[in-house]
1. Could you work out the helix-only [θ] at 222 nm for the chain, with each DSSP H run of four or more residues adding -39,500 (n - 2.57) and the total divided by the number of residues, to the nearest 500 deg cm²/dmol?
2. Relative contact order for the range 4-198: what percent, with Cα pairs under 8 Å and sequence separation of 6 or more?
3. For the chain, with a Gaussian network of springs between Cα atoms less than 10 Å apart, report the residue from 144, 31, 133 with the top mean-square fluctuation.
4. Once both labels are modelled 7 Å past Cα along the beta-carbon direction, what's the residue 70-residue 192 spacing in nm?
5. At 7 Å along the Cα-to-beta-carbon direction for both residue 120 and residue 179, put a label point, then send me their distance in nm to one decimal.
6. By counting other Cβ atoms within 10 Å of each Cβ, how are 136, 112 ranked from fewest to most?
7. Using only alpha carbon positions, build the gyration tensor of the chain, then give the equivalent ellipsoid semi-axes as the square roots of 5 times its eigenvalues, largest first, whole angstrom.
8. Restricting to Cα pairs below 8 Å that are 6+ residues apart, what does the relative contact order work out to for the range 9-64? Please round to a whole percent.
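Please treat every number below as a calculation from the coordinates, not as lab data. Please read all numbers here as calculations on a predicted model, not as lab measurements. With ideal geometry, Cβ positions are generated from the backbone for all residues, glycine too; neighbour counts draw on all protein chains shown.
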């Protein structure tokens with residue numbers, strides 16, 4: 001397992017922040033979300049801070065904090081901003097680093113660039129987060145194929161939420177990705193639960 005990774009999902013509301021917390025705890029890593037769309041006072045970084053225990057670890061400020069919970073390019077336009085890849089620079093940290101994207105990999109950042117372009121710029125291995133719902137096999141395979149086409153390195157896959165054994169088998173047979181962990185639907189979250197699941201990552 002590389003010590004600096006991007007947590008990417010097959011869409012929005014997939015559980016990337018939860019998985020980011022688990023990986024941060026496991027790797028004792030810094031955390032960075034380049035673009036935060038919506039709820040700046042209750043940003044994902046706050047969840048990470050509350051749920052993980054990483055002595056000496058740092059939560060890096062987002063390059064862009066947007067007020068509206070919308071696609072980043074739309075939220076930025078409302079805030080009178082334009083997101084540019086040049087303004088998103090990987091934190092200069094010697095520590096392990098978890099980078100969490102905003103939404104799926106084709107979410108637009110401006111009129112031309114998407115998260116996929118940002119991933120190519122950052123040039124870090126990706127942990128792909130999949131979640132079972134009707135259509136999720138298609139979304140997972142499409143995401144995989146796009147990453148493969150852009151030659152984005154992939155460290156493995158995480159299955160989050162309710163299990164679907166046949167769907168997972170098909171995904172793994174098609175992609176050849178390594179399963180890094182499976183996280184079931186969790187009724188509650190606290191630092192102890194995050195620590196427990198951090199022990200089960202197949203590093």
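1. -9500 deg cm²/dmol
2. Result for the range 4-198 is 27 percent.
3. Result for the chain, Cα springs under 10 Å: 133 fluctuates most.
4. Once both label points are built, they end up 4.3 nm from each other.
5. About 3.3 nm, to one decimal.
6. Sorted ascending by nearby Cβ count, the order is 112, 136.
7. Details: eigenvalues 115, 87, 52 Å².
That gives 24, 21, 16 Å for the three semi-axes.
8. 43
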